[in-house]
Amino acid sequence: MLKQELTKNSWKLYIERNDAVTDNGFEPDKIADFSGKTCYDAELPSCLEKILFENNAIDDPCYSDNVFALRKYESYHQWYFTVFDADSDKCDITFDGVDTIADIIVNGKRVGHCDNMFVSHAFTLSDLKKKGNELIVHIYPACIAARDAYIPAMSYAMAYEYPSLAIRKSASSFGWDILPRFVCGGITREVTLVKHKEEKFNELYLYTAKCNEETARLNLYYNFTAKNDDIRDYKIVAEGICGDSRFVIEKTPWFTQETTCIDVDKPKLWFPRGYGEQNLYAVSVKLFKNGKAIDERRFDLGIRTVELQRTSFAANGKFEFYVNGKKIFILGTNWVPTDALRKEERERTQKGLELATDLGCNCIRVWGGGVYERDSFYEYCDKNGILVWQDFMMGCAIYPETEAFEKQISREVAFIVKRLRQHASIVLWAGDNEGDICHKWNGIENRSPVDYSVTRKTVAKELRRHDVLRPYLPSSPYVDDAAAKAGECELSENHLWGPRDYFKGDFYKNAPSEFASEIGYHGYPSPRSAKKFLKNPEKFFEDNGRPTAEYLAHGTSPSEHEKDNPFEYRTRLFYDQVKTLFKDVPDGLDNFAKASQISQAEALKYFIEKFRIQRNNKGGIIWWNLLDGWPQISDGIVDYYFDRKLAYGYVKRSQTPVCVMGDENNGKLGFYLVNDEDKENTVGFNVTDAYENKTILTGVATVRPYHSEQIAETDLEKDEKKFYFIEWTCDGKKFSNHFHTGIIDISFEKYLQALEKCGYNQFEGF
């Protein structure tokens, strides 16, 4: 029997309040139990909020402040049900994503339980009928289910996110500054049915132990189920092909679990984009019994090594990635869930990855407040040479150091590592997002993360059982023993958010970190997009100065009723950032949106170029972030409806492999030639004052491979505020960039005129 994707079946959904269920004892185990009740059509994968909207049961959650009305559904039970046929009476059913606490009922029997949205749950079904098997998935209200767990006093999270400490559910689904509060959950990924196999591979892992251009040593680990007592009845055959390079082994196992070595002469190595080819071996591993193939696994293999060299502190420190011994300067973006409503998630993810490639990113950080991505995400990164920094899904919290939680996270780490470790693109595991630095957020000054068992012991121990090759960072940023003893110190890798005021202020200008794994700036979406989700987009504040309910909702606050709402500041932030840059806020939505997008674009450009200019002694930058997973005003440079903000073009130019860029220091304006290619490059360059249409510099410069060089310098005028247009030619191709000096209290009109002159007036959706 071929694999059946049951998510494509016709499904129905029934929902009921928790008090009605507990008072009446409603426990359906047959589809007939839903007869006469109001049920909804459910197209899966999905979530409750989306299904209710598609069935006209609620108003559009994305529009205005409608999201606040959904809180009542957090206490509802959900029953999804369908009918399926089976070619065999014994099959395995797998749920790749159930959010979060659920019972699985087949033909009136409870066959399994789900308790973690991040892992697959598989159950063996017996006595199936050829026709008309009934499947019911009962999802319990997460926040109510979470009450049964014990959370010790020394645990910590934002108040509205405390249930995320108790159940393995995406932290951002409880509300975050970049995603709304959608807690209800649902069947969020595929449900599949396959014929049960008694003899099969249980686990398979082929990895690079060591390699160079002359030879590579691979290790093949396998774990299979055998029925015969005599193990000599079985044989393992592994073959890999990449162009004209091939390896093959045949092995009669001594045991059902082994590791065997494979040597490859003249291997074709895998490199990230810009540093070499993305060579992938097409690998087949077959299990034979008495000469007959009974199981096979196919996958791609990238032969490569990875190393992270880091110090505790920024001063004379380092945080650098090496692939096959070659230093990789990281130019990357943070990745958040592409759609809070699971709407067209596959398509949105594919588009997002294509955008990252177009921008010239060589790294994506999968952020720990979201979800682990589908296999297709990592396959794309393998093929396109995009390195993946993979957080485990814990964010901005101190999770319970209890036996129950640590058992849960151990199972999750084992599952995720075994699922993803085959991918060459994954170069780092990180224990959590901002867990270390949040140890002092609740005001306990002497609290240190050094002894925090969740990431230091539990995650680390389970990770090393299944992957000893990749670096592990217990937290991002990581406060190790030395940093903890030093107290207040600058870390080599850090999240550079700071005051979020003037982007060339002292905090950003003088940040000493070797590596920025988060740094961003607000930018208003296109007016075309804003009008899709805001009823009154031109009204930011009420008469009392508080953001309107609409802007709170898309800020994104978990509630409009709470005093001291944690994300109230975000509306004031993007408004004040415009005032900082242009002194006055331009009239009209179009002008405000343009001004805000300019502010964001210039900020991200400055952050990226600051690190690239210093690439000789910096490790890289992963800016925040690429694509909105929700209609909002955010740090994303592409809004939810895929309108590109002005920052998109700015970032793309700033990440050009051979780039000329400016910087101002100590009364001087310097120009730098940065080379991210594996060859020496010579450019002819020209710098023009776009405000006065006057050429100020012209010349020819050469730069070594993977290096940054200052190529020119000129004096800055007192209080200078000029827009410099930079053009250069490299390998017969023309490129351009710009740099604005003294970019504070500048003229909005003059700036727009300069954009027109340079061809940078790239506003979408106006």
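Tell me, what ³J(HN,Hα) does each residue in region 99-113 have, in order and in whole Hz, if you take phi through Karplus 6.51 cos²θ - 1.76 cosθ + 1.60 with θ = phi - 60° and put x for Gly and Pro?
Values, residue by residue: 10, 9, 9, 8, 10, 10, 10, 10, 6, x, 10, 6, 10, x, 9 Hz.
Just to confirm a number: summing +1 for Lys and Arg and -1 for Asp and Glu over residues other than residue 583 whose beta-carbon lies under 12 angstrom from that of residue 583, what do you get?
Taking every other residue near residue 583 into account, the sum is -1.
Using per-residue counts of other Cβ atoms within 10 Å, averaged over each peptide, order 108-120, 499-511 from highest down.
Result, highest mean first: 108-120, 499-511.
Lys and Arg at +1, Asp and Glu at -1: add these up for the other residues within a Cβ distance under 13 Å of residue 112 and post the number.
Around residue 112, the charge tally is -1.
Could you compute the FRET efficiency for residue 695 and residue 259, with r as their C-beta to C-beta distance and R0 at 56 Å, rounded to 0.05?
0.30
Once the Cα atoms of helix 748-758 and of the chain are each reduced to a long axis, what angle between those two axes, in degrees from 0 to 90 to the nearest 10, is obtained?
Once rounded, one gets 80 degrees.
Show me 576-585, 121-130, 612-621, 472-481 ranked by packing, highest mean number of other Cβ atoms within 10 Å first.
Final packing ranking: 472-481, 612-621, 576-585, 121-130.
For residue 411 and residue 441 in one chain, what is 0.36 nm times their gap in residues minus the Cα-Cα distance, to one decimal in nm?
7.9 nm
Roughly speaking, what % of Cα-Cα pairs in region 314-410 are separated by over 21 Å, rounded to a whole number?
The answer is 46 percent, as a whole percent.
How large is the translational diffusion coefficient of region 201-301 in µm² per second when you combine the Kirkwood radius over alpha carbon pairs with Stokes-Einstein at 4 °C and 1.567 mPa s?
After rounding, the answer is 90 µm²/s.
If I model a spin label at residue 560 and residue 130 as a point 7 Å from the Cα along the Cα→Cβ vector, what separation in nanometres do I get?
5.8
Under a point-charge model restricted to the Cβ atoms of Lys and Arg (+1) and Asp and Glu (-1), what is the dipole moment magnitude of the chain relative to its Cα centre, in debye to the nearest 20? Walk me through the numbers before you get to the answer.
On the way: 100 positive and 118 negative charges, 303 e Å.
Charge dipole of the chain: 1460 debye, to the nearest 20.
Can you sort 283, 21, 98 so the residue with the fewest Cβ neighbours within 10 Å comes first? Before the final figure, lay out each step's value.
Values: 283 21, 21 17, 98 27.
Result, fewest neighbours first: 21, 283, 98.
Assuming R0 = 22 Å, what is the FRET efficiency of residue 277 and residue 219, from their Cβ-Cβ distance, to the nearest 0.05?
0.45
Where in the chain lies the longest segment free of GluC sites (Glu not before Pro) that are both loop residues by DSSP (not H, G, I, E, B) and have at most 10 other Cβ atoms within 10 Å?
Here the longest segment lacking exposed loop sites spans 215-444.
Taking a ≥ b ≥ c as the square roots of the Cα gyration tensor eigenvalues, with a/c under 1.5 meaning rounded and otherwise prolate when a/b beats b/c, else oblate, which class fits region 657-758? List each step's numbers first, then the result.
On the way: a/c = 2.28, a/b = 1.65, b/c = 1.38.
Cα axes put region 657-758 in the prolate bin.
Which listed residue (288, 353, 305) has the Cα farthest towards the positive end of the charge dipole for region 259-362, taking +1 on Lys and Arg C-beta and -1 on Asp and Glu C-beta about the Cα centre?
288
Residue farthest toward the positive end of the dipole of the chain, with Cβ of Lys/Arg at +1 and Asp/Glu at -1: which of 237, 91, 752?
237
Using only C-alpha atoms and all pairs of different ones, pull out the Kirkwood radius for region 645-692 in Å with one decimal. Before the final figure, lay out each step's value.
Details: mean 1/r = 0.0782 Å⁻¹.
Kirkwood radius, region 645-692: 12.8 Å.
Would you work out the charge dipole size for region 275-426 about its Cα centre, treating the Cβ of every Lys and Arg as +1 and the Cβ of every Asp and Glu as -1, and quote it to the nearest 20 debye?
Dipole of region 275-426, to the nearest 20 debye: 460 debye.
In a shell of Cβ-Cβ distance under 15 Å around residue 747, excluding residue 747 itself, what net charge do Lys and Arg (+1) and Asp and Glu (-1) give?
Value of the local net charge: -3.
Given R₀ = 22 Å, what would the calculated FRET efficiency be for residue 8 paired with residue 107, taking r from the Cβ atoms and rounding to 0.05?
0.60
I'd like the orientation of helix 403-420 relative to the chain: the angle between its Cα long axis and the longest Cα principal axis, in ° from 0 to 90, rounded to 10.
Orientation of helix 403-420: about 80 degrees from the principal axis.
Among 24, 548, 260, flag the residue with its Cα farthest along the positive direction of the charge dipole of the chain, charges on Cβ as +1 for Lys/Arg and -1 for Asp/Glu.
260
If you average 1/r across every pair of different Cα atoms in the chain and take the reciprocal, what Kirkwood value do you get, in Å?
Details: mean 1/r = 0.0356 Å⁻¹.
Mean inverse Cα-Cα distance, inverted, gives 28.1 Å.
Evaluate the distance, in nm, between pseudo-label points positioned 7 Å from the Cα of residue 549 and of residue 720 along their respective Cα→Cβ axes.
Using points 7 Å along Cα→Cβ, the separation is 5.2 nm.
In degrees from 0 to 90, rounded to the nearest 10, what is the angle of the helix 589-613 Cα long axis to the longest principal axis of the chain?
Roughly 90 degrees between the two axes.
Could you give the size of the charge dipole of region 201-301 about its Cα centre, using +1 on the Cβ of each K and R and -1 on the Cβ of each D and E, expressed in debye and rounded to the nearest 20?
160
From the helices alone, meaning DSSP H stretches of at least four residues, give me the mean residue ellipticity at 222 nm for the chain, per-run term -39500 (n - 2.57), in deg cm²/dmol to the nearest 500.
Working: 15 runs with 148 residues, N = 766.
Calculated from helices alone, the mean residue ellipticity at 222 nm is -5500 deg cm²/dmol.
Read-outs: derived from the displayed coordinates by stated rules, not from any lab. From a predicted model like this one, the values you see are computed outputs, not experimental measurements. Note that we place each Cβ from the backbone using ideal geometry, even for glycine, and neighbour counts take in every protein chain shown.
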